[in-house]
Amino acid sequence: MIKNYLKTAWRNATRNRTHSIISLTSLTLGLTFFCLIILWVKDELSYDKGFKSEGRICRVETTTTTKDGSSTSMATAGWPVGRALASEYPEIESLTYMSNWSPIISYKGAKFYESAFYADKNFFNVFGNELLEGYARTALKEPFSLVISESLKEKYFGNGEALGKILMLNDTVPYKITGILKTPTTPSHLKFDMLGSFASRLAGRPQDWEQEFSSGWFDINVYNYARLKKGVTPEALTKKVRDLVLRDGKAAVAATGFKSKLFLRPVEDIYLYSGMSTGVAPVGSIKLVNLFSLIALFILIIACLNYINLTTAKSVERAKEIGIKKVLGSNRGKLISQFLAESALFCIAAMIISILIVLFLLPLFNDFTGKTLTDATLFSKDNILLILGIVLVIIPVAGFYPAMVLSSYKPIKVLKGTFSHSGSGNLLRKALVITQFVISISFILSTIVIWKQMNFMQKQDLGFDKDKVLLVNTTKVPWVLRNGNANVFKTSIMRHSGIANVSACWAVPGRTGWGSQFAYPEGKTKDQGVIVEYIPVDNNYVKTLGLKFNTGRDFIAGSAEDQQQNLIINEAAAKSFGWGNAENAIGKKLSTSGKDGKVIGVLKDYHQHGLQEQIKPVVLGIGNGAGVFAVRYNSADPQNVIKTVKGDWNKIFKGYEFIYKFMDDDFQQQYIKEEKYETLFGLAAFLSILIASLGLLGLAIYTAQKRIKEIGVRKVLGASVFNITAMLSLDFLQLVLAAILIASPLAWYAMNKWLQNYAYHISLSWWIFLVAAGISLLIAAITVSFQSVKAAIVNPVKSLRSE
């Protein structure tokens, strides 16, 4: 029986080639896009699922609030918090301390940079990571112990023994390998290849660190992860520990004036829901996952609607076939099975072609998403079952309504020749076309809005000069070496022609300095502190970046007072400090980030970060060393500048990698998410309008065939090609116009909500909707007119003779 169904389906498909090609192409495009997005979504949702947490592993996060109500949230906690939690709350089974670490490994004359954390001895009790070699209980107990990944073992030792061997870190510190980590099966927000014992960090100044553990409630720079006992939920424990700092750290709270609350976030929610990175791996966004999923679903819906529309439109041509089958004894169930078999044939063929296309597109897709999806990922058991499940859902969704329509025909009417399309069927087809174009037009509108917002952000006056600035990263150089040689490197570079200025600093616009620092301005009490971003700089910083002063002066080279205490702020800081205009700020006292100084200059506000956020208070102070060198050049040959700077780097920081970027490109990195939005919506708009247009073309072909005799009569009676083309096109263009009227308010609402995520954004102009409408109508007109003109130029004698 099934063999006969498939044979009939194949015959019908080959007999109606145009209809078949359009349907198959639509389903293939929809399934290809859907499969790619599903692979990405599954990878995003798999983060931190390998810990076997069962909701019991949590990160301790902190929200700090000033008296005026402004707050900042951090993925870290104050130093005493972890110890207090572990000792005071029996609901916690185990707790570990962690902190960021950027070691440089010297091995066989080469230097390597590996992702790493410091972690205390309880790490394995909390996370349950398995060791291939070594003992989890003691691996991170002693100072200068090191646990490395399987991949690092192979990298440095090949098939040889690694346990007990020594690796030299940061040129001078020997670390003993005490464990080999088993490679995790799923990705994690904790991306590392090495774990150094937390005791190593504390070994240098034990008394100072003990002071931190007792009073550093607002030194919020360590990660705490806790494993809860069975039956304890993060929500329930959060209620108990929320005010721990206010209770146990009363002296610190009174001294700073800040309030601090704790929050326990399940480890499974960190990557997609927290928005806070550990500084090593990027963070995801559940909003982006939902958006990608929704777009993929809409594309697939358009493809299914095409199949439904074209199949029901062709139903009259199969009416006699159905009538004869019913007379010969076929019941409705058998007919439905036959038409579902046809749907299955198309869907399975589309699935096979889609998988081949996905395999071809995976490298490009990985470049776009930053993933490392492989052929093995696609053909994993879970993904194959998921794709098959999607197809099994599509088969009845796309095929059931046409099957019900076709199997319901009355054989008497069909065989007498009195059968015709119902008005409800025509109405449904119009509704399906409108639905397709509502989705397509919404994507076009969204793409235009995102493009306009991106263009706005790129052309906005940032308040500094980002052109012709080379940024040289120094974070891969040991801090003793980079701090000691910062001035030597600057002096060396400035000797070359084409170099205008050089600044050694800890952050430039587009990068974060010392975020969430507490500042205490003159005129406010101790409990009225302000959260600022502090950036250690040198006396060349303002000149090199082209910042502009509102009032006051720059730092002076060699000035001991500037070096020790003087500060420069931006206009936003002056307002936040309650000093009114910039002139009032000059000479005012300010205490922040270890400096008790006074303000000597106020910079005009500039965008330290992207236009997604308001300009916030920034404080500049003279600092030692550098996280980055900003090199302003006036040469017309940037490649020669790179060569020149690299030459000096290799002399002064010999053996360390020369890592550079141009400042305009570096600042643009903040808009990666927006660029992906633009690309995604552009691709969705292209695919949706292509699929919808294919469906429109199929309907236009069918309509022209159905009305072929009417067209012949009209031509005999004097109708021109233009008249006939307009007549055939008008009905379809009216549907597209209806879709424009529905899509416009929907897209306006959605994009208006999206723009609220940006502190600085465009307004939605009327011309955006006019352009989207024009594009949609033009594409629809070209699609329909092509077939309409073809039908209109047919010789009427041929049309009328074929009775």
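The values are calculated or read from the model by the stated rules, or taken from the named source; none is laboratory data. Remember, predicted model here, so these are calculated numbers, not experimental data. Here Cβ is always computed from backbone atoms with ideal geometry, including for glycine, and neighbour counts include all displayed protein chains. Just the protein is used for accessible areas: all its heavy atoms, side chains included, with ligands, DNA and RNA removed. Shrake-Rupley method; radii C 1.70, N 1.55, O 1.52, S 1.80 Å.
Side notes on the structure shown:
- Count of the stretch 475-493 residues, restricted to those that are at pLDDT below 90, open to solvent by 20 Å² or more (accessible area, probe 1.4 Å) and of a type in the set (Val, Ile, Thr), is 2.
Residues are listed down the side, and each one gets a yes or a no for (1) part of a strand (DSSP E or B); (2) open to solvent by less than 10 Å² (accessible area, probe 1.4 Å); (3) farther than 21 Å from TYR97 by Cβ; (4) of a type outside the set (S, T, N, Q):
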| site | (1), (2), (3), (4) |
| --- | --- |
| LYS230 | no, no, yes, yes |
| GLU235 | no, no, yes, yes |
| ALA254 | no, no, yes, yes |
| LYS261 | yes, no, no, yes |
| SER277 | no, no, no, no |
| PRO282 | no, no, yes, yes |
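- Given (1) open to solvent by less than 50 Å² (accessible area, probe 1.4 Å); (2) touching a Leu at 6+ places or on another chain (Cβ under 6 Å), index of the condition LYS182 fails: (1)
- Evaluated against (1) over 14 Å from LEU27 (Cα atoms); (2) modelled with pLDDT under 85, ASN306 falls short on exactly one condition, (1).
- Subset of the stretch 7-23 [open to solvent by 50 Å² or more (accessible area, probe 1.4 Å) and at pLDDT 70 or above]: ARG17, THR18, ILE21
- Cβ-Cβ under 9 Å pairs, at least 6 apart or on other chains, the stretch 673-702 side farther than 17 Å from TRP451 by Cβ, far side outside any helix (DSSP H, G or I): GLY698/LYS314; TYR702/LYS314
- Candidates VAL508, VAL532 - the one that is surrounded by 17 or more Cβ atoms within 10 Å (Cβ to Cβ) and farther than 22 Å from GLY580 by Cβ: VAL508
- Residues in the stretch 460-474 that are open to solvent by 60 Å² or more (accessible area, probe 1.4 Å) and touching a helix residue (DSSP H, G or I) at 6+ places or on another chain (Cβ under 9 Å): ASP465, ASP467, LYS468.
- Taking the criterion of being open to solvent by less than 30 Å² (accessible area, probe 1.4 Å) and touching a Ser or Thr at 6+ places or on another chain (Cβ under 9 Å), the residues of the stretch 541-568 that qualify are TYR541, VAL542, THR544, LEU545, ASN566, LEU567.
- Here TYR118, TYR156, TYR175 are screened, and the one residue that is in a helix (DSSP H, G or I), open to solvent by less than 40 Å² (accessible area, probe 1.4 Å) and touching a residue at least 24 places away in the same chain (Cβ under 8 Å) is TYR156.
- GLN517 meets the conditions (1) among the polar types (S, T, N, Q); (2) closer than 21 Å to VAL641 by Cα; (3) touching a Ser or Thr at 6+ places or on another chain (Cβ under 7 Å); (4) open to solvent by 20 Å² or more (accessible area, probe 1.4 Å) in every case but one. The failed one is (2).
- Residue in the stretch 390-406 that is part of a helix (DSSP H, G or I), within 28 Å of the chain's Cα centre (by Cα) and either at pLDDT 85 or above or surrounded by 12 or more Cβ atoms within 10 Å (Cβ to Cβ) (or both) present: yes
- Conditions (1) in contact with an Asp or Glu (Cβ under 7 Å, 6 or more places away or on another chain); (2) at pLDDT 90 or above: number failed by GLY231: (1)
- Residue match in the stretch 343-356 (condition: open to solvent by less than 50 Å² (accessible area, probe 1.4 Å), without any contact (Cβ under 8 Å) to a residue 40 or more places away in the chain and of a type outside the set (Val, Ile, Thr)): no
- Of all residue pairs spaced 6 or more apart or on separate chains, those with beta-carbon atoms under 8 Å, a first member in the stretch 641-665 that is open to solvent by 30 Å² or more (accessible area, probe 1.4 Å) and a second member that is of a type in the set (S, T, N, Q) are LYS651/SER492; ILE652/ASN485; ILE652/SER492; ILE659/ASN473; TYR660/ASN473; LYS661/ASN473.
- GLY558 being touching a residue at least 40 places away in the same chain (Cβ under 8 Å) and small (Gly, Ala, Ser): no
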